[in-house]
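Below you'll find the structure, written out as structure tokens, and then a few comments.
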Amino acid sequence: MPKQRPKGLFLQFVHSFGHAFRGLFWALGSQRNLRFHLAAAVWVCYLGFFARFSAGQWGLIALCCGSVLAAELGNTALEVLCDKVCPEHDSAIGRCKDVAAAAVLVAAIAAAAVGLLLFCQSGRPARLLAALRSPWPLPLTALLLLASWLLVRGGLNKK
């Protein structure tokens, strides 16, 4: 028996978030590149705290990180669909997958360029180094390094 949809527009709207989160968690569990991009976004935010960005600069960072993650999710969805529709090797499907991967690459390069421009502004590198040399961020930085490594390699459940 198929699942029944909730009644009412608002309940249907809220219910749709469940599907989105299910897809996000599946992708995070199965896609190493998505986990890498998420770890990179966390590092940018962590370092951005010490760089003391303005609200507009934080907006650019959020837009760049969100664009890369969204491109990676779109690439994943397209790859899953292509593999389902055509499990055997097909050159057109291969080109389609390559172009989707290129979209992620373009978004990541653009985000990295924005990051370099923001982090390399006058005085910011020295401010970052001074902040990170003080004793209090060292344990947090070490913890973040460990968490990033675990996230990218697939967490504690990796076989």
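Could you pull out the residue among Gly74, Gly56, Gly23, Gly29 that is open to solvent by less than 60 Å² (accessible area, probe 1.4 Å), more than 12 Å from the chain's Cα centre (by Cα) and over 18 Å from Ala113 (Cβ atoms)? Before you say what the answer is, go through the steps one by one.
Working: Gly74 fails: more than 12 Å from the chain's Cα centre (by Cα); Gly56 fails: over 18 Å from Ala113 (Cβ atoms); Gly29 fails: open to solvent by less than 60 Å² (accessible area, probe 1.4 Å).
Every option except Gly23 fails the conditions.
Going residue by residue through segment 7-18, is there one that turns out to be under 20 Å from Ala110 (Cα atoms) and either in contact (Cβ under 8 Å) with a residue 40 or more places away in the chain or in a helix (DSSP H, G or I) (or both)? Outline the logic, then answer.
Applying the first criterion (under 20 Å from Ala110 (Cα atoms)) to segment 7-18 yields none.
Checking segment 7-18: not a single residue is under 20 Å from Ala110 (Cα atoms) and either in contact (Cβ under 8 Å) with a residue 40 or more places away in the chain or in a helix (DSSP H, G or I) (or both).
So which residues in segment 126-159 are open to solvent by 60 Å² or more (accessible area, probe 1.4 Å) and of a type outside the set (A, V, I, L, M, F, W, C)?
Arg127, Arg133, Pro135, Pro139, Arg153, Asn157, Lys158, Lys159
Pairs, please: C-beta under 8 Å, at least 6 apart or cross-chain, first residue at pLDDT below 95 and in segment 45-65, second among the hydroxyl-bearing types (Ser, Thr, Tyr)?
Sorted first by the residue in segment 45-65, then by its partner, the pairs are Tyr46/Thr141.
In this structure, is Glu79 touching a His at 6+ places or on another chain (Cβ under 8 Å), within 17 Å of Ser30 (Cα to Cα) and at pLDDT 95 or above? Explain how you work it out, then say what you get.
Numbers: touching a His at 6+ places or on another chain (Cβ under 8 Å): no; within 17 Å of Ser30 (Cα to Cα): yes; at pLDDT 95 or above: yes.
In short, no.
With respect to Lys97, determine if the residue is without any contact (Cβ under 8 Å) to a residue 12 or more places away in the chain and farther than 25 Å from Trp43 by Cβ.
On the way: without any contact (Cβ under 8 Å) to a residue 12 or more places away in the chain: no; farther than 25 Å from Trp43 by Cβ: yes.
No.
What is the one condition in (1) open to solvent by 50 Å² or more (accessible area, probe 1.4 Å); (2) part of a helix (DSSP H, G or I); (3) farther than 30 Å from Leu146 by Cβ; (4) out of contact with any helix residue (DSSP H, G or I) (no Cβ under 6 Å at 6 or more places or on another chain) that Leu38 does not satisfy?
The one condition Leu38 does not meet is (3).
Restricting to segment 82-113, count the residues that are closer than 30 Å to Trp58 by Cβ and either at pLDDT below 95 or open to solvent by 40 Å² or more (accessible area, probe 1.4 Å) (or both).
Start the filter on segment 82-113 by keeping residues that are closer than 30 Å to Trp58 by Cβ, which leaves 100-113.
Among the residues that remain, those that are also either at pLDDT below 95 or open to solvent by 40 Å² or more (accessible area, probe 1.4 Å) (or both) are: 101-103, 105-106, 109-110, 112-113.
Final tally of qualifying residues: 9.
The values are calculated or read from the model by the stated rules, or taken from the named source; none is laboratory data. Small disclaimer: the values here were computed from a predicted structure and weren't measured. Positions of Cβ are backbone-derived with ideal geometry, glycine not excepted, and every protein chain shown enters the neighbour counts. All accessible areas refer to the heavy atoms of the entire protein, side chains included, with ligands and DNA or RNA removed. Shrake-Rupley method; radii C 1.70, N 1.55, O 1.52, S 1.80 Å.
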